[in-house]
1. Taking the dipole about the Cα centre of the chain, with the C-beta of Lys and Arg at +1 and of Asp and Glu at -1, give me whichever of Leu210, Gly232, Tyr22 is farthest to the positive side.
2. Considering only DSSP beta bridges where both residues belong to region 15-88, give the percentage that are antiparallel (nearest 5).
3. Please compute the net charge surrounding Ser193, taking Lys and Arg as +1 and Asp and Glu as -1 over other residues with Cβ under 14 Å from its Cβ.
4. If the chain between Glu169 and Tyr215 were fully stretched, how many nm would it gain, using 0.36 nm times the residue separation less the Cα-Cα distance?
5. Over the chain, what is the relative contact order in percent, taking alpha-carbon pairs closer than 8 angstrom and at least six residues apart?
6. What does the charge count around Ile86 come to, taking other residues whose C-beta lies under 10 Å from its C-beta (Lys +1, Arg +1, Asp -1, Glu -1)?
7. What distance in nm separates the simple spin-label points at Ala133 and Tyr77, each placed 7 Å from Cα in the Cβ direction?
8. Sort out for me the Cα centre separation of region 84-148 from region 161-205, rounded to whole Å.
Amino acid sequence: MKLPRLKRYQKDFEYSYSFGIYPTLDLLKFKREKVLKVLFKTDISKESKGTEEIKEICNKEGIPFEVNDRAIERIAYKENTYVIGIFEKYSEDLSKDGDHVVLVNPRNMGNVGTIIRTMKGFNFNDLAIIKPAADIFDPKVVRSTMGALFQIRFKYFNTIEEYVREYGEHNLYSFMLKGKENIKDVEFNSPFSLIQGNEAEGLPDTYLKLGKSIYIPHGEGIDSLNLSIATGIGIWESRRGE
């Protein structure tokens with residue numbers, strides 16, 4: 001891919017950015033075939049740890065890199081950004097045998113990033129996202145994952161029906177306020193899919209008939225849990241027997 005003049009990220013770009021040394025290192029380690037270029041800021045001494053490793057990988061793999069303060073200032077969101085990786089967008093099929101997290105219409109980029117990082121912490125490697133949804137390639141999401149994005153597989157689907165047609169062998173567990181079973185009483189049978197709704201509305205009632213519906217008990221002081229918290233609880237509970 002030939003890079004155009006670099007500017008602040010937009011969703012319709014065919015490429016995106018990793019901001020910071022460690023997300024860029026993970027990009028180079030796990031998705032180096034997608035890396036187009038790496039940019040350094042002149043004043044890299046403020047955040048120098050890891051830069052030599054980045055340069056070594058780039059030299060070994062023939063990945064171009066350069067010092068370009070103006071480009072970084074043009075495309076970064078924060079002043080203390082000293083390294084940026086530029087990479088081609090991609091998509092991957094999910095594992096047929098692995099356990100999945102399924103997010104239905106997630107809108108908050110911070111939640112998506114936190115969920116991806118939590119997934120990797122508990123050996124979940126597959127994420128399905130049902131549209132409409134947040135852009136997983138937005139640099140704000142990429143940065144919030146702390147590099148975990150490049151260690152998982154993810155794929156967008158137009159509808160939950162499309163996802164189920166492709167991964168119909170999975171046991172489905174839908175998390176809902178109206179769920180029929182307390183999460184404490186559920187035995188998760190692999191391969192399975194943990195299905196979560198969006199931040200504002202959760203899952204509609206139609207999901208009560210999709211696999212097994214689950215609720216997470218909590219006090220009366222709140223209406224519901226934050227999406228990333230609820231997903232983290234689901235992930236942890238599903239791994240509790242390991």
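1. In the chain, that residue is Tyr22.
2. Details: 10 of 13 bridges.
Close to 75 percent.
3. That works out to -2.
4. Contour length minus the Cα-Cα distance gives 14.3 nm.
5. Numbers: 454 pairs, mean separation 49.7, N = 242.
Computed value for the chain: 21 percent relative contact order.
6. +1
7. Distance between label points: 1.9 nm.
8. 17 Å
Taken together, the values in this text are just the output of simple stated rules run on the coordinates, not laboratory data. What you are looking at is a predicted structure, and each value in this text was computed from that prediction instead of being measured. Neighbour counts are summed over all protein chains in view; Cβ atoms, including those assigned to glycine, are modelled from backbone coordinates with ideal geometry.
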